[in-house]
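Report on the structure given below.
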Ligand code: GLN
């Protein structure tokens, strides 16, 4: 459940108002007007103000250091495909990217090995299970899953080509940095904390290797995966990374092509299918936005051709998705007409 009854009523009022405006300007309504800078600014600020006091959810604690991150952090960033940034709140603090990294390692594998390598190994379907489900692996011998849950993601990391772990890591941190438009690094404290407690992911890596879902050494794959989850980012970084996906794989700030445009639709489709774990359907139903969350409290969301949004707010709901982040993104996108499925009769 991502909207309260009160916010649904607000939404209904907003839509009614939009309907009135549309009928009074019927002759021009088919022509979409470019969104003004002040509209972007207001959407980001309003969402921040509206949800900053929301105290639902709980920090992840199965990775011990994540429980110690201040729960009241709340940062919101939006980057347009034209490279304009709008931010509110805690936009400076760095946090671990966690599962949001799965998107960018998937992008790397698509770039290196193509769509079939993903579809024929871990698949592109929803599991309907929690992100670190072993049952899901067993059900289809590591197939019929997707690259955004742990088994599929560890297999993707184990599919990146390279003759040494260092060479593979350079590619992984490289593509994340290209998407963010700056050189990213690893939060060593988070990396150690998760490495000390990731027995379950190690088991998942072994199982996926046993089912021959990736060619690499399972111990190396899970270690590199744990490192990629500890990459330190800000909400602004996530906004730029999302905007790069919204912009056909070209970073709108640096101008660098981080991913070939032909791979972008596949990445967005997998995000829409599985980006918010077993709540992905609900999320898509309400927002229409491909998105990806991480247990560090980050979310990236993409409105194709328009903008990317990045949020940071550590407390998570039962599915493992940031509570304030989901609310803020839904409100911003609603205000800006970001839902790619929304169309008007002509
Ligand atoms: N590193 C975390 C894990 O493997 C990532 C999970 C997540 O963000 N949902 O458990």
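Things worth noting here:
- Zone residues, the stretch 128-158, relative to residue 206, backbone N less than 13 Å from point 7 Å out along Cα-to-Cβ: none
- For the chain, the 222 nm mean residue ellipticity estimated from helices alone, with every DSSP H stretch of n ≥ 4 adding -39500 (n - 2.57) and the total spread over all residues, rounds to -14000 deg cm²/dmol.
- Degrees between helix 5-24 axis and first principal axis of the chain (Cα, 0 to 90, nearest 10): 50
- Across all directions, the average flat footprint of the convex hull enclosing the Cα atoms of the chain is 16.4 nm².
- In terms of other Cβ atoms within 10 Å, 81, 105, 287 run from fewest to most in the order 81, 105, 287.
- Separation of alpha-carbon centers, the stretch 160-194 and the stretch 34-103, rounded to whole Å: 22
- The C-alpha atoms of the chain define a longest principal axis, and helix 235-246 lies at about 80 degrees to it.
- Semi-axes of the equivalent ellipsoid for the stretch 196-264, Cα gyration tensor, largest first, Å: 31, 16, 8
- Exposure proxy order (Cβ contacts within 10 Å, fewest to most) of 292, 192: 192, 292
- By the count of neighbouring beta-carbon atoms within 10 Å, fewest first, 341, 48 end up ordered 341, 48.
- Rounded to the nearest whole angstrom, the semi-axes of the ellipsoid equivalent to the stretch 180-302, taken from the Cα gyration tensor as √(5λ), stand at 26, 19, 16, largest first.
- For the stretch 230-304: rounded, prolate or oblate by the Cα gyration tensor [a/c cutoff 1.5]: oblate
Taken together, the values in this text are just the output of simple stated rules run on the coordinates, not laboratory data. Keep in mind the model is a prediction, meaning the values are calculated, not measured. All Cβ positions, glycine included, derive from the backbone under ideal geometry; neighbour counts span all protein chains shown.
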